[in-house]
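A quick write-up on the structure given underneath.
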Amino acid sequence: DLLLMDEPYGQMDIKVRYYLEDEVIKLWKEIGSTVLFITHNLEEAVYLAERVIVLSQKPAKIKAEFEIDLPRPRNFADPKFIEIRKQITDMIKWW
């Protein structure tokens, strides 16, 4: 089973977004399906993912893969969280 979520929170305010992110994590833990979550929001990616795949410019190819091995619930202020987000940001900043 696969749940595909393509930028589902793009137009939502931050409070609703945080709530729904936690709900997706609960659902994922309950059903055990694979969730493919597409986002341009790096903080969201690190918060939700077990693995983040960074794509190159078109034609898109896998540029890098990051295993996110942080405990849940994740803390946006955790130095490890910030470091992973920074590594991904630095990778895509200058294409």
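The values are calculated or read from the model by the stated rules, or taken from the named source; none is laboratory data. All values reported here derive from a predicted model rather than from experimental measurement. All Cβ positions, glycine included, derive from the backbone under ideal geometry; neighbour counts span all protein chains shown. When the accessible area is computed, the model is the full protein with side chains, heavy atoms only, and any ligands, DNA or RNA have been set aside. Shrake-Rupley method; radii C 1.70, N 1.55, O 1.52, S 1.80 Å.
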Among the residues of region 25-33, are any open to solvent by less than 50 Å² (accessible area, probe 1.4 Å), closer than 20 Å to Ile92 by Cβ and either of a type in the set (Phe, Trp, Tyr) or over 12 Å from the mean Cα position of the chain (by Cα) (or both)? no
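Looking at region 6-19 only, could you name the residues that are assigned to a helix (DSSP H, G or I) and open to solvent by less than 50 Å² (accessible area, probe 1.4 Å)?
At the first step, the residues of region 6-19 found to be assigned to a helix (DSSP H, G or I) are 14-19.
Within region 6-19, Arg17 is the sole residue that qualifies.
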Out of curiosity, is Arg85 part of a loop (DSSP other than H, G, I, E, B) and in contact (Cβ under 8 Å) with a residue 12 or more places away in the chain? no
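Residues Ala49, Ala60: which one is more than 12 Å from the chain's Cα centre (by Cα) and of a type in the set (A, V, I, L, M, F, W, C)?
Details: Ala49 fails: more than 12 Å from the chain's Cα centre (by Cα).
After applying the criteria, what remains is Ala60.
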Filtering region 34-57 for residues that are hydroxyl-bearing (Ser, Thr, Tyr) and either open to solvent by 60 Å² or more (accessible area, probe 1.4 Å) or more than 15 Å from Glu7 (Cα to Cα) (or both) leaves a count of 2
Quick one: would you say Ala60 is loosely packed, with under 10 Cβ neighbours inside 10 Å and within 27 Å of Asp1 (Cβ to Cβ)? yes
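Which residue out of Leu27, Leu3, Leu70 is assigned to a helix (DSSP H, G or I) and without any contact (Cβ under 8 Å) to a residue 40 or more places away in the chain? Give the steps one after another, and end with the answer.
Numbers: Leu3 fails: assigned to a helix (DSSP H, G or I); Leu70 fails: assigned to a helix (DSSP H, G or I).
Exactly one residue qualifies, and that residue is Leu27.
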